[in-house]
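A short worksheet on the structure shown next.
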C-alpha cells in the first residue's frame, strides 16, 4: 500500500535494526483518515474470502480493525490483554509471550463472540515474530472459529512471523512489509 | 442518542445496581456501524467548539474515538495504560485509580502529541466516577492542552464523575446517561 509506505518513510523512524517507531500516526497518535484507507485496502484484499467477523488484539490493532469492520460491514471482536472483573463467564485464555515487553500476558476471549465455523479475519498493527497472531489463532480456533486471514498494517518481514503463519497454512496480507531497517533507513519488499 | 439507548436496552445487561454489561456491542464485541453513529453524534454535539484533537483512554474508548476523529477530520491520541519499552522519550504520566480493577495504573502521554493551547475533546466508552477522565485532563493540561469537552458513550449518571467534571467547569456530553439500574432494568435520564 503505497500511501502507507510513504507515510512510514516520512513520519516513521527506525530506532534500530528491529525497532520501528510509528507512534505519530499509528499506535499513539493515530491518523483516522489513514486508518480508513488501511480499512479499504484490507476490505479489498479480503473481499471474496467469505469473512464473517473481524478480530483484533488489544489495543493498537483496534483503530485499523474497526475501520476494516465498518467497510466490510462486519462485527469486530477485541481479544483482551487485560480482563476486567466483570468478564468472567465463558472466557477462554491463552498465554502469549511479548518480545517487546519481555513478558507473558493472557489473551482472553469470551467464546460466545466467535460462533462455530465462523470465518474470522485477524487485523493487527504489527506482525513481527507472530506470537500475538498465533495466540489469536489459538483462541479463535478453540472457540470453533476458522481463521480465514491475517492482516497486518506493518510486517517486519525480516522476522519469522509471516513465514511461520504462511507455513502453517494461513493467508497473510501485510500492507507495508519491511525488508530491513537501519538507523534512518527503512526498506520495503514486495509482498 | 435514541439508537444507542435502544441498543443498551436490547443487548445490554445490568449485572447489579452499578455494573452494566455491554460487551456484545461496545467493549469486547464491537458494532462498527453503531460506533460510526456514535462518532456522528459526538461530531454534531461538538461542532463549533473549536476542537483540534481527539484523545481517548486505552482501550475501549478507541473505537468510538477513532470514528469521532474521522468524522471531525482530526488526529486522535491514545492515552496509554501500558507503556512499551520503546516509549520512553518525552513522556508524562499520572496515576489513575480504577474502581473496576481495584488498582492503580499509570496513564501515559508522549507530550509532543498535545501542542500548547490545543483544544482537545476526550472520548471514552464509560464515565462513572470520573477517575479516568480527570487523569486524562491532568495529562492534557500538563502538556499545555486545553480540554474543550468530555464525550462519554455511556455515563453512569448515578455516580459522581459527571457532576464533578461539570463542577470543575468542563463540558460533558453523555450519549446514554443511565439514571439507575437494577437487575434487568435500566433507566435513562435526560441529559
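The values are calculated or read from the model by the stated rules, or taken from the named source; none is laboratory data. A quick note: this is a predicted structure, and the numbers were derived from the prediction, not measured. Positions of Cβ are backbone-derived with ideal geometry, glycine not excepted, and every protein chain shown enters the neighbour counts.
Of B:60, B:98, which residue is buried (at least 21 other Cβ atoms within 10 Å of the Cβ), under 20 Å from residue B:122 (Cα atoms), within 10 Å of chain A (Cβ to nearest Cβ) and out of contact with any helix residue (DSSP H, G or I) (no Cβ under 6 Å at 6 or more places or on another chain)? After ruling out the rest, the residue left standing is B:60. Scanning the range A:97-106 for residues that are without any contact (Cβ under 8 Å) to a residue 12 or more places away in the chain and assigned to a strand (DSSP E or B) turns up A:103, A:104. Could you check, for the range A:3-25, whether at least one of its residues is closer than 28 Å to residue B:52 by Cβ and within 14 Å of the chain's Cα centre (by Cα)? The answer is no; no qualifying residue exists. Annotation note: of A:24, A:10, the sole residue that is surrounded by fewer than 21 Cβ atoms within 10 Å (Cβ to Cβ), without any contact (Cβ under 8 Å) to a residue 40 or more places away in the chain and within 10 Å of chain B (Cβ to nearest Cβ) is A:24.
Residue A:146 fails exactly one of the following numbered conditions: (1) within 13 Å of another protein chain (Cβ to nearest Cβ); (2) touching a residue at least 12 places away in the same chain (Cβ under 8 Å). What is the number of that condition? Residue A:146 satisfies every listed condition except (1). When residue A:56 is tested against the conditions (1) at pLDDT 95 or above; (2) within 16 Å of the chain's Cα centre (by Cα); (3) assigned to a loop (DSSP other than H, G, I, E, B), the lone failure is (3).
Of all residues in the range B:18-34, those satisfying the criterion of being assigned to a strand (DSSP E or B) and within 17 Å of residue B:181 (Cβ to Cβ) are B:20, B:21. Scanning the range B:76-86 for residues that are at the interface with another protein chain (Cβ under 7 Å from one of its Cβ atoms) and surrounded by fewer than 19 Cβ atoms within 10 Å (Cβ to Cβ) yields B:84, B:85, B:86. Can residue B:154 be described as at pLDDT 95 or above and over 16 Å from residue B:135 (Cα atoms)? Spelling it out, residue B:154 is indeed at pLDDT 95 or above and over 16 Å from residue B:135 (Cα atoms). Looking at the structure I just gave you, is residue B:70 at pLDDT below 95 and within 7 Å of chain A (Cβ to nearest Cβ)? Judged against the criteria, residue B:70 is not a match. Go through the residues of the range A:107-126 one by one and say whether even a single one is in a loop (DSSP other than H, G, I, E, B), in contact with a helix residue (DSSP H, G or I) (Cβ under 8 Å, 6 or more places away or on another chain) and either more than 14 Å from every other protein chain (Cβ to nearest Cβ) or surrounded by fewer than 20 Cβ atoms within 10 Å (Cβ to Cβ) (or both). So far as the range A:107-126 goes, no, none of its residues is in a loop (DSSP other than H, G, I, E, B), in contact with a helix residue (DSSP H, G or I) (Cβ under 8 Å, 6 or more places away or on another chain) and either more than 14 Å from every other protein chain (Cβ to nearest Cβ) or surrounded by fewer than 20 Cβ atoms within 10 Å (Cβ to Cβ) (or both). In the range B:134-176, what count of residues is obtained for those that are more than 13 Å from the chain's Cα centre (by Cα) and over 23 Å from residue B:115 (Cβ atoms)? Residues meeting the conditions: 8.
Counting only residues that are touching a helix residue (DSSP H, G or I) at 6+ places or on another chain (Cβ under 6 Å) and within 14 Å of residue A:136 (Cα to Cα), the range A:149-160 holds 2 of them. Scanning the range B:66-93 for residues that are part of a strand (DSSP E or B) and out of contact with any helix residue (DSSP H, G or I) (no Cβ under 8 Å at 6 or more places or on another chain) turns up just one, B:80.
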